[in-house]
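Written out below as structure tokens is the structure these notes cover.
The values are calculated or read from the model by the stated rules, or taken from the named source; none is laboratory data. Predicted, not measured: the structure shown is a model, and the values here were computed from it. Cβ: placed from backbone, ideal geometry, glycine included. Neighbour counts: every protein chain shown. Surface areas here come from the heavy atoms of the whole protein model, side chains and all, with no ligands, DNA or RNA. Shrake-Rupley method; radii C 1.70, N 1.55, O 1.52, S 1.80 Å.
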Amino acid sequence: MRRLTPVLALGALLLTALPAHAAPDGGPAHRESYGTKAPYEPGQNPRGYQRPPAGYVPVFTENVSRHGSRAATDGGDAGLILPLWDKAREEGRLTAGGEKFGPVVRALTAAMEKTGYGDLSGRGRQEMRDTATRTEQRLPTLFRDIADRGEKIDVVSSGQGRAVDSAGEYTAALAAAAPALKPLIGPTRTDRDLLYFHKAAGGAAYRDYLANDQRLKDTLAAVTDQPRTHEAARSVLRRLFTAPFVDGITDQVGAAQAVYNLYAIAPAMIQESPDPDGRGWDMGRFVSRSDAAWFGYLSDAEDFYEKGPGFAGSDITYKMAGVLLDDFFRQVEAKRAGTGDLGAELRFTHAEEIIPLAALMGLPGSTEPATPAQPYTYADNPWRGASVAPLGANIQWDVYEKDGRYLVRMLYNERETPFRAGCRPVAKGSAFYDLDELERCFGRTA
């Protein structure tokens, strides 16, 4: 029997592990098809938050937030697929549905150009404002006390435009909700080492992994080059073009990927749609849910191996996030020691930071790496980009104090979330953890 190459061997494992469709039609699974481009949704109704133990009052809060929904980072997808559409129209080889595709994509592209490639969309700005407003509503006494004490609110970003703009929208909404905070909110400063670490000095080994790790390259090649990918690609293109025209497309997967990418970014641009309260861009008419689910899986697989839990036995994808986790602890420890003058620390960054931080912290959905015997699939791994790091994703720590004892409650996408396994809350089922216990659990004590 012919020995399989590493790529073919992994592909065989994937074929046995994956369901016929990566996610069923309808329901929450449909949201998964957008991957990390899924627009933000709060994870919990604030009315369901636990009350702190008796006598504890909020004294500090901090967050790290991915920027809000945005336009595509460039026009490459439209630039790839529209010439094919123009050619098919000239040759009379568009389907009835495909006739509508070109005008919709050109309108979407024009809206993204007006917004600015990579910049916050109207929806993204609203996501930031809404999250800030809910934060103030969750902690009204804290923000009143911050104002009364004259404490500062520090604001820091990666320095990238969409992160800076997210910080501006967030802090403006916070000041609107609690006007006394306005003079206490500092200007947004830049810290690339903290909030753009994948491109800073601390990410050098990680960048080498992306560029040179052969196992990574083989794995992603095997994930992509499956019969289901080629079937889904042809299915996507057949919605637009006649069969003979599709037969003539050399790179069907690449063309279908471009269609999928436009489908995935469209919800982020809903406020720029000519019909935002109706069907919006309605890119779903050009990509079936099962095909979108498959391409969403391929996108998730890339993010999983490049940014998330990755390969078992290796922390190269997330070790660099330690600088951000350390900063979370340092801020709370400074509050306890009385050496800090902050009432809140607000950070704004990107998926490349949120995803590895989630893996480093062992947040829900980010605890299981892949092994050679069990590659990443939807069937046997809970990691989903739409849950781990949607647009606007955030991690927040609320800090409470009583008689010198400090408790921390974590919200992950505004859902009360336990700290990783091995960390003991103050009571069974409680969302609150003693700071001393968290320091022990995360290895910050001798």
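Before moving on, here are some points about what is shown:
- Criterion (β-branched (Val, Ile, Thr), surrounded by 19 or more Cβ atoms within 10 Å (Cβ to Cβ) and over 24 Å from the mean Cα position of the chain (by Cα)) met by exactly one of Val236, Val223: Val236
- Within the range 38-48, the only residue that satisfies the criterion of being open to solvent by 60 Å² or more (accessible area, probe 1.4 Å) and within 12 Å of the chain's Cα centre (by Cα) is Glu41.
- Pairs are defined by a Cβ separation below 8 Å, a sequence spacing of at least 6 or placement on different chains, a first member in the range 118-145 that is more than 14 Å from Gln396 (Cα to Cα) and modelled with pLDDT of 95 or more, and a second member that is open to solvent by less than 10 Å² (accessible area, probe 1.4 Å) and β-branched (Val, Ile, Thr); the pairs so defined are Leu142/Thr61.
- Residue in the range 406-422 that is open to solvent by 50 Å² or more (accessible area, probe 1.4 Å), part of a loop (DSSP other than H, G, I, E, B), at pLDDT 95 or above and within 19 Å of Tyr297 (Cα to Cα) present: no
- Filter result for Ala54 (over 26 Å from the mean Cα position of the chain (by Cα) and modelled with pLDDT of 95 or more): yes
- Residues located in the range 376-386, provided they are among the hydroxyl-bearing types (Ser, Thr, Tyr) and crowded, with 23+ Cβ neighbours inside 10 Å: Tyr376
- Candidates Ala334, Ala359, Ala344: the one that is open to solvent by 10 Å² or more (accessible area, probe 1.4 Å), over 22 Å from the mean Cα position of the chain (by Cα), of a type outside the set (D, E, K, R) and within 29 Å of Gln396 (Cβ to Cβ) is Ala334.
- The set of residues in the range 49-81 that are open to solvent by less than 10 Å² (accessible area, probe 1.4 Å) and without any contact (Cβ under 8 Å) to a residue 40 or more places away in the chain is empty.
- Unique residue being hydroxyl-bearing (Ser, Thr, Tyr) and surrounded by fewer than 24 Cβ atoms within 10 Å (Cβ to Cβ) when the list is Thr371, Thr349: Thr371
- Residues that are in contact (Cβ under 8 Å) with a residue 60 or more places away in the chain and either crowded, with 17+ Cβ neighbours inside 10 Å or on the phi > 0 side of the Ramachandran plot (or both), drawn from the range 89-117: Arg93, Leu94, Thr95, Gly98, Phe101, Val104, Val105, Leu108, Ala111, Met112, Thr115
- Test: residue in the range 387-403 that is at pLDDT 95 or above, on the phi > 0 side of the Ramachandran plot and open to solvent by 40 Å² or more (accessible area, probe 1.4 Å): yes
- When the range 436-445 is filtered for residues that are under 27 Å from the mean Cα position of the chain (by Cα) and either open to solvent by less than 10 Å² (accessible area, probe 1.4 Å) or modelled with pLDDT under 95 (or both), only Leu438 remains.
- Among the residues making up the range 376-405, those that are part of a loop (DSSP other than H, G, I, E, B) and either under 21 Å from Thr141 (Cβ atoms) or hydrophobic (A, V, I, L, M, F, W, C) (or both) are Ala379, Trp383, Ala389, Leu391, Ala393, Asp403, Gly404.
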